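S.K.: This is the structure I have questions about; it appears just below.
The values are calculated or read from the model by the stated rules, or taken from the named source; none is laboratory data. Keep in mind it's a predicted model, so treat the numbers as computed, not measured. Here Cβ is always computed from backbone atoms with ideal geometry, including for glycine, and neighbour counts include all displayed protein chains. For the accessible areas, the whole protein counts, side chains as well, though only heavy atoms, and no ligand, DNA or RNA atoms are used. Shrake-Rupley method; radii C 1.70, N 1.55, O 1.52, S 1.80 Å.
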Amino acid sequence: MPWNNKKGTYGYIDRQRRWEIIKTLVMFGISTALYVAGYVATKTNKNLLTLAAVLGCLPASKSAVNMIMFFRAKGCSSEMKAAIGERAVGLAERYDLYLTSYAKNFQISHLVMKGKTMVGITEQDGFEETACYQHLKTLFGQNGFHDITVKIFHDRGKYLERLKSLQESEMDDNREYDEKVLELMENLSL
């Protein structure tokens, strides 16, 4: 795993994408080297090194699937990160979350939690709010979190206003609870 590459931090998806590319190339490279070494040594495909090379393609293929998923995922843009800036200080926050479900995938660039209110912003075109809310409601219920209000914004200005109001809010602030919910979001994310 790359150094200092924790889920939920800004730039996670970009760093993880590079890591997955390197890991996939190395794994396929090892399988190829084993095959070539077996063929050069025995002048035939019928040897144990060929078998090891073929079996080595299984984890390499799994790694290739992860790589493809990270190519599809987009993280928080630098413009959005700059706009958020100090507005989320003091709030439990996460960046670069890419949630997957059976039907849809949901990119959430930034997410904060305070009390039982979760707000986030997406830069994904065609983001299906209703499907995302239903998916999150189901996942929260399965993990023992209830009565969480979720709002995902498309409009940067409205999101920044909401961050400011949350920061100034006197609502019940249970940082431990907020962090547990956001850890769940990390675990559910790519």
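S.K.: What number of residues within segment 38-71 satisfy the criterion of being part of a loop (DSSP other than H, G, I, E, B) and either closer than 23 Å to Gly11 by Cα or open to solvent by 60 Å² or more (accessible area, probe 1.4 Å) (or both)?
M.R.: 3
S.K.: For segment 73-118, give me the residue count where each residue is open to solvent by 40 Å² or more (accessible area, probe 1.4 Å), touching a residue at least 12 places away in the same chain (Cβ under 8 Å) and not in a loop (DSSP other than H, G, I, E, B).
M.R.: Total satisfying the criteria: 4.
S.K.: Another question, if that's okay. Kindly indicate whether any position in segment 39-53 is under 24 Å from Asp178 (Cα atoms) and without any contact (Cβ under 8 Å) to a residue 24 or more places away in the chain.
M.R.: no
Results for (1) within 30 Å of Ile68 (Cβ to Cβ); (2) within 18 Å of the chain's Cα centre (by Cα), shown as yes or no for each residue.
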{"site": "Phe106", "(1), (2)": "yes, yes"}
{"site": "Ser109", "(1), (2)": "yes, yes"}
{"site": "Cys132", "(1), (2)": "yes, yes"}
{"site": "His135", "(1), (2)": "yes, yes"}
{"site": "Thr138", "(1), (2)": "yes, no"}
{"site": "Gln142", "(1), (2)": "yes, no"}
{"site": "Gly157", "(1), (2)": "no, no"}
